[in-house]
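For reference, the structure discussed in these notes is given below.
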Amino acid sequence: MLVLVLLAALAAPGARAADLQVAVHTARGQPVRDAVVTYYPRGGAAPGPVRFDWPYRMAQQNLQFDPFVLVVPVGSTVAFPNRDTVRHQVYSFSPAHPFELKLYGRDQTRTVRFDRVGVIALGCNIHDSMVGFIKVVDTPYAAKTDA
C-alpha cells in the first residue's frame, strides 16, 4: 500500500520536486487503509491557501459515511449530503470542532466550515453504527492510504 505525495519544496534552496511513497503497516505488517499521512517541509510550505483535488464532501449513504475518512484543508467548508431514504442527524464532539446538524432527509445537504486543524470524529444520533472521520490539515502535502 503506497501513498504518493508530491513534495514541491524540500528544505534546501534549489531542491527539486519529488514523489514520496509511504507504506503504513500495523505492527504485524498488515497494510493500514485510510491512514492520513502529512508532510511539513523544513523550509515551510509554499504560501497561499491549501487546496486538494477531491471534493470536500462527507455523504451519508447506505447508513454509513462516505468516504470513511476525508482530508480537508483548514478553512474548508464540507458538504454533508444525505443520499439515504432515512433522516440523519450528524454530530461531532471533537475538540477541534464540535457541531450538530439537526435531522435532515434524502437529497438534503448541510455544510460545516472547519477553521481549526485536528481530527473530527463523526456520528449520527439516529444510527449509532455510523462513524466517520475528517482530518483537517494545514499543509498541502497530505493524503490518505489506500487498500
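The values are calculated or read from the model by the stated rules, or taken from the named source; none is laboratory data. Every value quoted in this text rests on a predicted model; they were computed, and no experiment measured them. Glycine gets a Cβ as well: all are built from the backbone with ideal geometry, and neighbour counts include every protein chain shown.
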> Are there any pairs, at least 6 apart or on different chains, whose C-beta atoms fall under 8 Å, with the first in segment 99-121 and closer than 22 Å to Val71 by Cα and the second basic (Lys, Arg) and part of a loop (DSSP other than H, G, I, E, B), and if so, which?
Replying inline: none
> Any idea which of (1) assigned to a loop (DSSP other than H, G, I, E, B); (2) at pLDDT 95 or above is the one Ala9 doesn't satisfy?
Replying inline: (2)
>> For Asp19, only one of the following conditions fails: (1) among the acidic types (Asp, Glu); (2) more than 15 Å from the chain's Cα centre (by Cα); (3) at pLDDT 95 or above. What is its number?
In response: (3)
>> Given the condition within 30 Å of Gln30 (Cβ to Cβ), surrounded by 15 or more Cβ atoms within 10 Å (Cβ to Cβ) and of a type in the set (D, E, K, R), answer yes or no: does some residue in segment 124-136 qualify?
In response: yes
> In this structure, does Ala46 turn out to be out of contact with any helix residue (DSSP H, G or I) (no Cβ under 9 Å at 6 or more places or on another chain), more than 26 Å from Gly105 (Cα to Cα) and not polar (S, T, N, Q)?
Replying inline: yes
>> When you scan segment 75-84, do you find a residue that is in contact (Cβ under 8 Å) with a residue 60 or more places away in the chain and either out of contact with any Pro (no Cβ under 7 Å at 6 or more places or on another chain) or of a type in the set (D, E, K, R) (or both), even just one?
In response: yes
